[in-house]
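Worksheet: the structure to be examined is printed underneath.
The values are calculated or read from the model by the stated rules, or taken from the named source; none is laboratory data. All values derive from a computational prediction rather than experimental measurement. Methodologically, a virtual Cβ is constructed for each residue, glycine included, from the backbone with ideal geometry; neighbour enumeration extends over all protein chains shown. In case anyone asks, the SASA skips ligands and DNA or RNA and just uses the protein heavy atoms, side chains included. Shrake-Rupley method; radii C 1.70, N 1.55, O 1.52, S 1.80 Å.
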Amino acid sequence: LYASTDQIDFLCPEVPPSTALEIAVETAGGLSNPLETGVEDASPGIFGTSGPAGPGDTVSIRATGMNWVARFPAVRTFARIGTQYVPIESNVPDPLGPGVSILTVTLPSGILGESVPVVIEVVKTDGHSVASNPALIPVAPSQPAASHPNIVQ
């Protein structure tokens, strides 16, 4: 799918997790040493998030692998924002990116800092879970509460 001097992206065959793979790269200059590895569970991958946002705001997360989730028995799919779990409110295909989904979630209260980590997590029917790479959602600074003058009589 993609090759550069320091990275190669390729499609792995659809085989069960733990299947042994031997991967080698062949160019006009020759064949590389093989790399032995095993197939891991597929998991979602996050490309990016919208922001900045604050507690109660809806955030968009662009992710891949969500079509994979639909093919396997999953108990639930949710987003872990910081240490809090929130439901994914919508999952629609991105019209500009084949294989990319746009997920929406609402930021929970209690978010502190300039950014908060987000992970998409899928719990399968066997209790095993798989998680995406972490991404950051920029957090908007909270607005100070309006001050009310003290009235003394």
Original post:
Taking the Cβ of SER60 as the center, what net charge do the other residues with Cβ under 12 Å away carry, scoring Lys and Arg +1 and Asp and Glu -1?
Top reply: -2
Original post:
Ranked highest first by average number of other Cβ atoms within 10 Å, how do 122-128, 103-109 line up?
Top reply: 103-109, 122-128
Subject >> Accessible surface of SER43 - all protein chains present, 1.4 Å probe, nearest 10 Å² >> reply: 50 Å²
Original post:
Counting other Cβ atoms within 10 Å of each Cβ, which GluC sites (Glu not before Pro) in the range 30-116 have at most 15 and sit in a DSSP loop?
Top reply: GLU40, GLU89, GLU114
**OP:** Evaluate E = 1/(1 + (r/R0)^6) for LEU35 and ALA131, where r is the Cβ-Cβ distance and R0 equals 25 Å; express this FRET efficiency to the nearest 0.05.
**Re:** 0.55
**OP:** Treat each spin label as a single point 7 Å out from the Cα along the C-beta direction, and report the ASP57 to LYS124 distance in nm.
**Re:** 3.6 nm
Original post:
Of GLU121, GLU14, which has the most accessible area and how do the rest follow, probe 1.4 Å?
Top reply: GLU14, GLU121
Original post:
How long is the chain along each principal axis, judged by its Cα atoms, biggest number first, in Å?
Top reply: 90, 38, 29
Original post:
Between TYR2 and VAL15, what is the label-to-label distance in nm when each label sits 7 Å out along the Cα-to-Cβ direction?
Top reply: 2.5 nm
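Per DSSP H run of at least 4 residues, take -39500 (n - 2.57); add these up for the chain, divide by its residues and hand me the 222 nm value, nearest 500 deg cm²/dmol.
On the way: 1 runs with 6 residues, N = 153.
So the helix-based figure for the chain works out to -1000 deg cm²/dmol.
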Subject >> Shape call, the range 1-75: gyration tensor on alpha carbons, a/c limit 1.5 >> reply: oblate
